[in-house]
1. Among (1) 9, 32, 33, 19, 6, 1, 0; (2) 9, 28, 23, 20, 14, 4, 1, 0; (3) 9, 38, 37, 14, 1, which one is P(r) over Cα pairs in 10 Å bins from 0, in percent computed from these coordinates?
2. Can you give the angle from 0 to 90° between the axis of helix 104-117 and the longest principal axis of the chain, with both taken from C-alpha atoms, to the nearest 10?
3. Between 0 and 90 degrees, rounded to the nearest ten: what's the tilt of helix 143-154 against the longest Cα principal axis of the chain?
4. For the chain, with every protein chain kept in place, what is the accessible area per residue (1.4 Å probe, Å²)?
5. Which value at 222 nm does the chain reach when only helices count, each DSSP H run of 4 or more adding -39,500 (n - 2.57), with the total divided by all residues and rounded to the nearest 500 deg cm²/dmol?
6. Quick one: angle between helix 66-77 and the longest Cα principal axis of the chain, in degrees between 0 and 90, rounded to 10, please.
7. What's the carbon and sulfur percent of the stretch 72-189's accessible surface, probe 1.4 angstrom, rounded to a whole number?
8. Can you give me the Rg/Rh ratio for the stretch 56-133, using Cα atoms for both radii and the Kirkwood formula for Rh?
Amino acid sequence: MPPTQLPPTQLPPTRLPPESAVIVPVPEAEPAVGHLRSRLDPAAAEGVPAHVTVLYPFVPPALIDARVLAKAGEAVRTVPSFRARFTSVEWFGDQVVWLSPEPARAFAELIIAVCERFPEYPPYGGVHAEVVPHLTVGDGAPTAELRRAAELVRGHLPISTEVATAHVICGSSEPGSWHTIAELPLGRR
């Protein structure tokens with residue numbers, strides 16, 4: 001099944017958002033983490049939904065065309081759709097609180113498949129030696145607030161979701177700017 005490309009934005013090329021990403025949105029997590037992310041995760045204010053990142057940064061929006069979407073879609077289809085559960089609260093240092101997915105391996109396979117097709121765009125710009133699948137609850141907020149958020153969200157676990165599509169999203173640091181430009185279906189079970 002080919003990617004579902006959403007209607008293009010009506011912005012001229014010079015006004016296209018500067019960034020893109022491939023994510024797996026997790027709408028089922030929004031009731032538990034949405035109010036926390038809105039205060040504690042800058043990406044939420046920019047319009048990025050609760051998600052697991054597959055590849056960020058991705059191809060600059062001005063270069064995303066049918067060929068790029070087809071290539072990304074082929075990569076995503078190599079991983080069969082799966083059921084995932086977010087079962088625990090974890091930390092990167094004391095600055096990022098996140099939810100751990102099971103099976104993490106299925107998300108890792110999706111990340112690897114897309115990254116292998118787009119080696120010129122290393123995950124997180126190559127800053128991290130290891131990419132850990134996760135759903136961010138808070139990033140860079142005061143540690144005490146992150147600890148409170150961790151305790152609040154723990155009471156909502158586990159959170160279950162069906163992972164059947166990845167989304168290509170584009171945006172900037174402007175509030176509410178991120179939006180989906182294509183949905184890429186995973187393979188069939």
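The values are calculated or read from the model by the stated rules, or taken from the named source; none is laboratory data. If you're wondering where the values come from, they're calculated on a predicted model, not measured in any experiment. Keep in mind that these areas ignore ligands, DNA and RNA; they rest on the heavy atoms of the full protein, side chains included. Shrake-Rupley method; radii C 1.70, N 1.55, O 1.52, S 1.80 Å.
1. (3)
2. For 104-117 against the chain, the angle is about 30 degrees.
3. Approximately 80 degrees, to the nearest 10.
4. Numbers: 9370 Å² over 189 residues.
On a per-residue basis, the chain sits at 50 Å².
5. On the way: 5 runs with 53 residues, N = 189.
After summing the helix terms and dividing by residue count, I get -8500 deg cm²/dmol.
6. That works out to roughly 50 degrees.
7. Working: 2960 of 5760 Å².
Using a 1.4 Å probe with all protein chains present, the stretch 72-189 comes out at 51 percent carbon and sulfur.
8. Working: Rg = 14.2 Å, Rh = 14.1 Å.
Computed over Cα atoms, the ratio is 1.01.
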